[in-house]
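Taking it in order: structure first as structure tokens, then the write-up.
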């Protein structure tokens with residue numbers, strides 16, 4: 001199993017990777033702390049969003065805990081001794097969830113106009129959530145590519161005519177077109193019961209951007225890794241929410257449209273990763 005070490009890794013890159021991984025772990029620790037406070041307060045006071053709300057936050061607490069472990073694994077030498085498949089999958093999903101949110105978070109404040117609705121949480125809670133989410137995203141954006149480069153040093157020199165199957169390119173472009181249409185104000189396929197806010201439309205546009213990046217990044221493995229992870233992670237999460245409807249959740253799209261949309265996105269993302277692994281032999 002390929003591993004890196006301080007003896008074989010370029011010292012400067014190893015230092016950057018370690019710092020970024022530790023920063024990511026620390027940042028998501030802030031997010032984790034806020035979520036734990038929410039759940040404990042709800043259980044003790046008996047007030048909160050109900051059982052579904054608590055269950056959802058318990059799930060996100062577990063995800064945040066995995067995020068802390070991922071940041072540490074990317075930073076510390078013992079991370080190179082973990083199963084390659086485990087690290088690649090967790091890093092892929094984590095980076096897919098968070099890194100594509102960086103451009104969204106960078107411009108949201110400008111289009112939000114200071115907030116369309118008053119926040120229902122204390123300002124310090126919101127600040128910690130934003131800091132934790134954004135810090136984890138930035139940390140992973142730096143640490144994950146360096147980890148992959150150090151663990152599989154020959155992969156950067158490999159090229160492929162096309163990393164991913166052709167159908168995944170078409171699927172990603174189709175999803176990008178759909179999300180762009182909705183971001184621009186299109187209503188076909190929508191229920192009409194949910195009014196999309198400016199941040200909602202920005203998020204759709206951001207999703208379209210990363211779908212296009214995944215379709216186009218045939219010789220840029222780091223971008224393909226993140227874009228495919230974004231498709232898989234977010235579409236799988238939204239598909240699960242659509243099917244289970246926690247707390248009466250209903251998607252803005254018609255349910256059949258949402259199921260096909262998110263199912264396609266998850267499948268495209270998974271197939272892109274499979275092609276990336278084959279082309280660059282990341283697990284060999």
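Things to note:
- Between residue 240 and residue 72, the simple spin-label model (points 7 angstrom out along Cα→Cβ) gives 2.2 nm.
- Which labelled figure in (i) 1.02; (ii) 0.98; (iii) 0.95 is Rg/Rh (Cα atoms, Kirkwood Rh), once derived from the coordinates: (ii)
- Structure-based [θ]222 nm, the chain - -39500 (n - 2.57) summed over DSSP H runs of at least 4, per residue, nearest 500: -25000 deg cm²/dmol
- In this calculation the C-beta distance from residue 41 to residue 166 is compared with R0 = 35 Å, giving a FRET efficiency of 0.10.
- Here, segment 166-280 has an Rg and a Dmax of 14.1, 45 Å when only alpha carbons are counted.
Readers should treat all values here as calculations from the given coordinates under stated rules, not as data from a laboratory. If you're wondering where the values come from, they're calculated on a predicted model, not measured in any experiment. Quick reminder, even Gly has a Cβ in these numbers, built from the backbone with ideal geometry, and neighbours come from all protein chains shown.
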